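Everything below concerns the one structure shown next.
The values are calculated or read from the model by the stated rules, or taken from the named source; none is laboratory data. As the structure is a prediction and not an experimental result, all values here were calculated from the model. We place every Cβ from the backbone using ideal geometry, glycine too, and count neighbours over all the protein chains shown.
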Number of protein chains: 2
Amino acid sequence: MTNRQIVVANLPQAVLGPEHFELQDTPMPVPQDGEVLLRTILMSIDAANRSWMQGATYRDAVHAGDPMPTYSICEVMESKSPHLAPGDIVAAESVWADHVTRPAHKLQKLPKVQPLSHLLSVYGIAGKTAFHGLLQIGQPLAGETIVVSAAAGSVGGYVGQIGKALGCRVVGIAGGPEKCAFVTDELGFDACVDYRAGGVFKALSNACPDGVDVYFDNVGGDILETTLALMNERGRVACCGAISQYDTPNPTGPRNLPGVVVVKRLRMEGFIVMDFARDDAKATRALQAWVAQGKIKVTEDIVEGLENAPQALIGLLHGDNTGKRMVRVGADP
Amino acid sequence: MTNRQIVVANLPQAVLGPEHFELQDTPMPVPQDGEVLLRTILMSIDAANRSWMQGATYRDAVHAGDPMPTYSICEVMESKSPHLAPGDIVAAESVWADHVTRPAHKLQKLPKVQPLSHLLSVYGIAGKTAFHGLLQIGQPLAGETIVVSAAAGSVGGYVGQIGKALGCRVVGIAGGPEKCAFVTDELGFDACVDYRAGGVFKALSNACPDGVDVYFDNVGGDILETTLALMNERGRVACCGAISQYDTPNPTGPRNLPGVVVVKRLRMEGFIVMDFARDDAKATRALQAWVAQGKIKVTEDIVEGLENAPQALIGLLHGDNTGKRMVRVGADP
């Protein structure tokens, strides 16, 4: 029996392309004592995957020759640990592969929800990132205005829907008229600015007649600079990602920083979803309630097949997904 | 009797120079009902004065033809208000002038400490800005490393001395070997990096073997970018000013923003001293205790004569002061 995996053939110097990946056949891995053999069902595709290629961050850097790391939902096929049994569903820090072995103590057993994809979207990384970043850093109150970039993406859509559930005015920023229509018509945002149409300052200013109180930033760069200029005093910026800066050789900084932060007394704070793990149960409960009440629609963008993972990530960096992107490697059990 | 005042003749497009100011003789102002006539004793000279010329901030913009605004310590000469009497010492939002009239209710009566200059330095804007920004935003704990830019300046010197009093490692950044020697030898910082000598990243890295936990930023620009790169996870940046960006036609942004904020989960927060006015009594009590204990040295840089105020500000922007800069317009009573 063979196994397939995708390695990073070489690290991108600028724009990520298919030439940076290589699909390999390897022997089926064999679990040792304390380990389990996992079958990959779904792999989360995130802009953060690209940032890991830029060097060590909150995790080790990815090097040429490494299997591409990912966060996955897997089924236990064989266990040499008393803590997990075949058929269990787990979350794993894994790699792009059909099968992997992992120490059982590093895995998180998951409930067998239907469909499992919800564990990567609304009840997974995307929903929790939106919930924790918006509530703990953005701290919006009813009546305030929230702006979120990459609004049609995995996290942005949940940020806006949570903001609406809390009674805020919510304005998205997305690329292209189709995505903007999706954000307002499907997700219920009050407005959405198409950054590809140009004139972002004016459009955003018109969409935010009372200024911006909370900015949930997924992109950095020019859009961060523009939104900062429209923020109200004591505004909060939840720094979630900088997708505009990952896939470029010449990142730019917002020229109004730190001046505007001082003058308006803004607070900018970065976070990653694991920082708030102790509140995950709270997040899940709230998200389940909002889904049940019809206030949150679950949006998913599932690409079929391990071999299509590189293109799924490359496309994500160009903004071609709507909703939480993931790759299906195997069927739900 | 005539009065002297200095107006902003025209607004600087780039570097501030003497040509942007004009000394004028005007009639002695006459207080109306509810007003007092004030004699200026000391005027605070701050980098913020320059930022007010860039447009509306937390206060109205300065326009060509306006008397230059300032924060002053004054003596009441004549009163048409029951709330103040001749001889009272007050703090005033005033202008560069020998005499002004002001509504009594807008003035803050001050204790008659000796010398009055301490009300602008350690017990005034400089000391309180350092105290509130460091404690409320930086939140340093003993054993952590604090970096402060413009360390030989008015606020920076107090930031570092407070940090030492709290048991932190304190590293300054200042321009030139004399200032750096002053910062370490006179103020007791653990180290000081001379940014004019170049190689700031390496020098700062060497001076901070355990990384940077708190950065008190008075300058913005390249030094902010460099210090951000050396910060530890969960570091705090107190954004107090951006002196490197005020006097230039082409401000630059830190290119590592927001990436480094996300990856290291930094918190950046801007403030102005008035934001924490409700804790001013606490600040004064602590500063008095540290001065009495010999842990804080009061450093002042007093320029004599109203007519020298433009050069005092121009020089400050080029970093030629050591300690809190002010202009003495009249004698202490």
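Checking A:A283 against (1) more than 10 Å from chain B (Cβ to nearest Cβ); (2) over 25 Å from A:A152 (Cβ atoms); (3) in contact with a Lys or Arg (Cβ under 6 Å, 6 or more places away or on another chain), which single condition isn't satisfied?
All conditions pass for A:A283, except number (2).
Working carefully through the options A:A191, A:A152, A:A142, find the one that is of a type in the set (A, V, I, L, M) and in contact (Cβ under 8 Å) with a residue 60 or more places away in the chain.
The unique qualifying residue is A:A152.
Mind listing just one residue for me: the one in region A:282-304 that is assigned to a helix (DSSP H, G or I) and touching a residue at least 40 places away in the same chain (Cβ under 8 Å) and, of those, surrounded by the most Cβ atoms within 10 Å (Cβ to Cβ)?
Filtering region A:282-304 down to residues assigned to a helix (DSSP H, G or I) leaves A:282-292.
Filter once more, keeping what is touching a residue at least 40 places away in the same chain (Cβ under 8 Å): A:283-284, A:286-288, A:290-291.
On the way: A:A283: 22, A:T284: 17, A:A286: 17, A:L287: 25, A:Q288: 15, A:W290: 21, A:V291: 17.
Looking at residues that are assigned to a helix (DSSP H, G or I) and touching a residue at least 40 places away in the same chain (Cβ under 8 Å), I get A:L287.
Please go through region A:45-58 and pick out each residue that is crowded, with 23+ Cβ neighbours inside 10 Å and either at pLDDT 95 or above or away from chain B (no Cβ under 12 Å) (or both).
A:I45, A:D46, A:N49
Checking the conditions here, which among B:D247, B:D222 is within 23 Å of B:A126 (Cβ to Cβ), surrounded by fewer than 23 Cβ atoms within 10 Å (Cβ to Cβ), among the acidic types (D, E) and assigned by TED's automatic domain parsing to the domain that holds B:A151?
Residue meeting the stated conditions: B:D247.
Please go through region A:246-255 and pick out each residue that is facing chain B (nearest Cβ under 7 Å) and either free of Cβ contacts under 8 Å to residues at least 12 places away in the same chain or closer than 15 Å to A:T226 by Cβ (or both).
Keep residues of region A:246-255 that are facing chain B (nearest Cβ under 7 Å), which gives A:251-255.
Hits for region A:246-255 are A:T252, A:G253, A:P254, A:R255.
If B:Q288 satisfies all but one of (1) touching a Lys or Arg at 6+ places or on another chain (Cβ under 9 Å); (2) modelled with pLDDT of 90 or more, what's the number of the condition it fails?
Going through the list (1) touching a Lys or Arg at 6+ places or on another chain (Cβ under 9 Å); (2) modelled with pLDDT of 90 or more, B:Q288 breaks only (1).
Restricting to region B:1-49, what's the tally of residues that are polar (S, T, N, Q), over 24 Å from the mean Cα position of the chain (by Cα) and in a strand (DSSP E or B)?
Going through region B:1-49 one residue at a time, the tally reaches 4.
For A:E307, are the conditions met, namely being outside any loop (DSSP other than H, G, I, E, B), assigned by TED's automatic domain parsing to the domain that holds A:T129 and of a type in the set (D, E)? Even if it seems obvious, please write down each step before you answer.
On the way: outside any loop (DSSP other than H, G, I, E, B): yes; assigned by TED's automatic domain parsing to the domain that holds A:T129: no; of a type in the set (D, E): yes.
For A:E307, the condition - outside any loop (DSSP other than H, G, I, E, B), assigned by TED's automatic domain parsing to the domain that holds A:T129 and of a type in the set (D, E) - is not met.
When you scan region A:10-63, how many residues do you find that are more than 26 Å from A:C240 (Cα to Cα) and aliphatic (A, V, I, L, M)?
Result for region A:10-63: 7.
Among the residues of region A:107-124, write down those that are closer than 14 Å to A:T70 by Cα and either in contact with a strand residue (DSSP E or B) (Cβ under 6 Å, 6 or more places away or on another chain) or without any contact (Cβ under 8 Å) to a residue 40 or more places away in the chain (or both).
Scanning region A:107-124 gives A:L107, A:L120.
So, of the residues in region A:201-219 that are buried (at least 24 other Cβ atoms within 10 Å of the Cβ) and either aliphatic (A, V, I, L, M) or not assigned by TED's automatic domain parsing to the domain that holds A:V171 (or both), which turns out to be nearest to A:Y246 (Cα to Cα)?
Once the filter is applied, the top-ranked residue is A:V219.
Within region A:295-314, does at least one residue satisfy the condition of being more than 28 Å from B:S149 (Cβ to Cβ) and among the hydroxyl-bearing types (S, T, Y)?
Scanning region A:295-314, I find at least one residue that is more than 28 Å from B:S149 (Cβ to Cβ) and among the hydroxyl-bearing types (S, T, Y), so the answer is yes.
Tell me which residues, restricted to region B:212-264, are out of contact with any strand residue (DSSP E or B) (no Cβ under 8 Å at 6 or more places or on another chain) and assigned to a helix (DSSP H, G or I).
Hits for region B:212-264 are B:G221, B:D222, B:E225, B:T226, B:A229, B:I243, B:S244, B:Q245, B:Y246, B:G259.
Could you check region B:88-98 and list, in sequence order, the residues that are outside any loop (DSSP other than H, G, I, E, B) and of a type outside the set (V, I, T)?
B:A91, B:A92, B:E93, B:S94, B:A97
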